[in-house]
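The values are calculated or read from the model by the stated rules, or taken from the named source; none is laboratory data. The structure presented is a predicted model; accordingly, all values stated were derived computationally and were not measured. Every residue, glycine as well, gets a Cβ built from its backbone with ideal geometry; the counts of neighbours run over all protein chains shown.
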Amino acid sequence: MGKRVIFLADMESFYASVEAARNPSLRGKPLAVCGDPALRHGIILAASREAKAYGIKTGQPAWEARRMCPWVVFVHPRMQAYIDCSIRITGIFERFSDRVFPYSIDEQFLDLSGLARIFGPPYEIASTLIRQVWKETGIRCRIGMGENLLQAKMACDCFAKKNSGAFFELNSENYAAHAWPLPIKSLFGVGHRMERNFHRIGVRTIGHLAKLPREMLKRRWGINGEVLWLNAHGIDYSTVDPGAAQEQKGIGHTATLPRDYRKQQEIELVLLEMTEEVCARARRQEKIGSTIHLYCKGADFDCPTGFSRQKKLPEPTATAAEVYPAVRLLFRKHWNRMPVRAVGISLTGLTAYRQLRLSFADCLKQEESLAAVVDMVRERFGKTSLFRASSLKPGAQFLQRAGKIGGHDS
């Protein structure tokens, strides 16, 4: 059996590229996609290569980007356009392989093993894909190739993005030569905290990590340490499974608040609205969850506060009437009474079935029937056609966020 041929295709500055494709007059200009600073969403989501030349990068505040480049062009995000474009790109890739796995909105894995007889050598396939994506969408595509998903990801992130040909290959023969000299932060799976941990023990490069005993890393950091050791050696046993895109471990919703919330009543109102949103999304997917997770971030940047806690529910459910009491209990138990900047709720332990109860009448609980009716009304007449009166109170976010995708205009 021949070696596997795995591609990771990454779209350059995806959101900014979509905006430039929709409005060609923006091409060649320093362009940044960001939210509304007035609502504290003025964070750069994507920057064109021209904007990056001035040092503008994802995650920066808009005011800082303006200071670095006074003539930068700001564009509000249009999430539905980005989703539609991503789906179109998936369609292009599916002409070449039935093994396509969208890794994120702007990254997709393709398994092209055994297709050389049809489409030619891997480099020719990559060139064809890059040309086709540009022709049909106006988006620049970079491709990393490897014998597994990890090698393809590393090839793309560390080399193809900086390569004028927009393509690079890593394999078992050249992985050490190319990857080991890179700083340890370049290794997939190493975040800022793990980078600091490695620096404390003298690990500065991927090669340093690769030369450490596997068992030592496993003893110190458990399975994560062992996985990082494998990554340092370019070893990955995962496969490109299109069906995996449908497997979801949890359903969550996180939001940055438009101002610092100090009143318990206002914070709990937002938590109630978010709980209803998460439960509604679970019901649309015909799922129920057994564990609720609450995230809360404080407003003080200099002295970060907040918490992240979870609680097992009495039984799997997807109704706010059953989930919200657990959310409220977690919040009241762990909130330190300091102003809150962001909150998040997720429902995990998802399953598609409900265990039968002793009482049939109990199975048809009033809150489940009510939730089903609310879903039906909103599906027919719109999300804002039916909502709690409490969403008209100060601090509520339901009406402001209705119709948005990921907190941004659709």
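Tell me, yes or no, whether the stretch 68-86 has at least one residue that is within 23 Å of Ser172 (Cα to Cα) and in contact with a strand residue (DSSP E or B) (Cβ under 6 Å, 6 or more places away or on another chain).
Scanning the stretch 68-86 turns up no residue that is within 23 Å of Ser172 (Cα to Cα) and in contact with a strand residue (DSSP E or B) (Cβ under 6 Å, 6 or more places away or on another chain).
Quick check: is even one residue across the stretch 115-138 of a type in the set (D, E, K, R), out of contact with any Leu (no Cβ under 9 Å at 6 or more places or on another chain) and over 18 Å from Phe14 (Cα atoms)?
yes
If the requirement is being surrounded by fewer than 16 Cβ atoms within 10 Å (Cβ to Cβ), within 26 Å of Gln132 (Cα to Cα) and either free of Cβ contacts under 8 Å to residues at least 12 places away in the same chain or assigned by TED's automatic domain parsing to the domain that holds Tyr103 (or both), which of these qualifies: Gly28, Gly55?
Unique residue meeting the criteria: Gly28.
Just to be sure I understand the filter: pairs with C-beta atoms under 7 Å, separated by 6 or more residues or on different chains, first member in the stretch 319-348 and surrounded by fewer than 22 Cβ atoms within 10 Å (Cβ to Cβ), second member of a type in the set (Ser, Thr, Tyr) and not in a strand (DSSP E or B). Which pairs pass?
Tyr324/Thr275; Asn336/Thr305; Met338/Thr305
At least 2 residues that are modelled with pLDDT under 70 and among the polar types (S, T, N, Q) in each: list the helices (runs of 4 or more DSSP H) lying fully within the stretch 312-405 that qualify.
It comes to 366-381.
For the condition farther than 25 Å from Ala255 by Cα, buried (at least 18 other Cβ atoms within 10 Å of the Cβ) and touching a helix residue (DSSP H, G or I) at 6+ places or on another chain (Cβ under 9 Å), what is the one hit in Val75, Val18, Val5, Val33?
Val5
Based on what the data block shows, is Val240 β-branched (Val, Ile, Thr) and within 30 Å of Val278 (Cα to Cα)?
Answer is yes for this residue.
Scan the helices (runs of 4 or more DSSP H) fully inside the stretch 196-288 and keep the ones with 2 or more residues being over 30 Å from Ala371 (Cα atoms) and among the aliphatic types (A, V, I, L, M).
Counting at least 2 such residues, we get 206-210, 214-232.
From the list Lys153, Lys162, which one is within 21 Å of Ile206 (Cβ to Cβ), among the charged types (D, E, K, R), at pLDDT 95 or above and assigned by TED's automatic domain parsing to the domain that holds Ser113?
Matching residue, one of Lys153, Lys162: Lys153.
Return the residues of the stretch 98-137 that are surrounded by fewer than 13 Cβ atoms within 10 Å (Cβ to Cβ), within 18 Å of Val240 (Cβ to Cβ) and either outside the structural domain of Ala16 (by TED's automatic domain parsing) or not β-branched (Val, Ile, Thr) (or both); say none if nothing qualifies.
Asp98, Ser104, Gly114
Which one of these is touching a strand residue (DSSP E or B) at 6+ places or on another chain (Cβ under 6 Å), without any contact (Cβ under 8 Å) to a residue 24 or more places away in the chain and under 30 Å from Ser238 (Cβ atoms): Ser97, Ser104?
Checking each option against the conditions leaves just Ser97.
Count, please, the residues in the stretch 305-320 that happen to be closer than 21 Å to Glu286 by Cβ and touching a Cys at 6+ places or on another chain (Cβ under 9 Å).
Of the residues in the stretch 305-320, 4 are closer than 21 Å to Glu286 by Cβ and touching a Cys at 6+ places or on another chain (Cβ under 9 Å).
Please verify whether the stretch 295-313 includes one or more residues that are assigned by TED's automatic domain parsing to the domain that holds Leu257, surrounded by 15 or more Cβ atoms within 10 Å (Cβ to Cβ), within 12 Å of Val278 (Cβ to Cβ) and out of contact with any Ser or Thr (no Cβ under 6 Å at 6 or more places or on another chain).
So far as the stretch 295-313 goes, no, none of its residues is assigned by TED's automatic domain parsing to the domain that holds Leu257, surrounded by 15 or more Cβ atoms within 10 Å (Cβ to Cβ), within 12 Å of Val278 (Cβ to Cβ) and out of contact with any Ser or Thr (no Cβ under 6 Å at 6 or more places or on another chain).
May I ask you to verify whether Gly42 is free of Cβ contacts under 8 Å to residues at least 24 places away in the same chain and either touching a helix residue (DSSP H, G or I) at 6+ places or on another chain (Cβ under 9 Å) or more than 21 Å from Ile143 (Cβ to Cβ) (or both)?
Taking the combined requirement at face value, the residue satisfies it.
Restricting the search to the stretch 175-201, which residues are surrounded by fewer than 12 Cβ atoms within 10 Å (Cβ to Cβ) and in contact with a helix residue (DSSP H, G or I) (Cβ under 7 Å, 6 or more places away or on another chain)?
Of everything in the stretch 175-201, just one residue is surrounded by fewer than 12 Cβ atoms within 10 Å (Cβ to Cβ) and in contact with a helix residue (DSSP H, G or I) (Cβ under 7 Å, 6 or more places away or on another chain), namely Pro181.
Pick out the one residue from Ile288, Ile292, Ile267 that is of a type in the set (Val, Ile, Thr), under 21 Å from the mean Cα position of the chain (by Cα), in the same structural domain as Val343 (by TED's automatic domain parsing) and surrounded by 15 or more Cβ atoms within 10 Å (Cβ to Cβ).
Ile292
Anything in the stretch 45-58 that is in a helix (DSSP H, G or I) and touching a Pro at 6+ places or on another chain (Cβ under 7 Å)? List them, or say none.
The answer is Glu50, Ala51.
Among the residues of the stretch 148-168, write down those that are charged (D, E, K, R) and buried (at least 21 other Cβ atoms within 10 Å of the Cβ).
If the condition is that a residue be charged (D, E, K, R) and buried (at least 21 other Cβ atoms within 10 Å of the Cβ), then Lys153 is the only one that fits.
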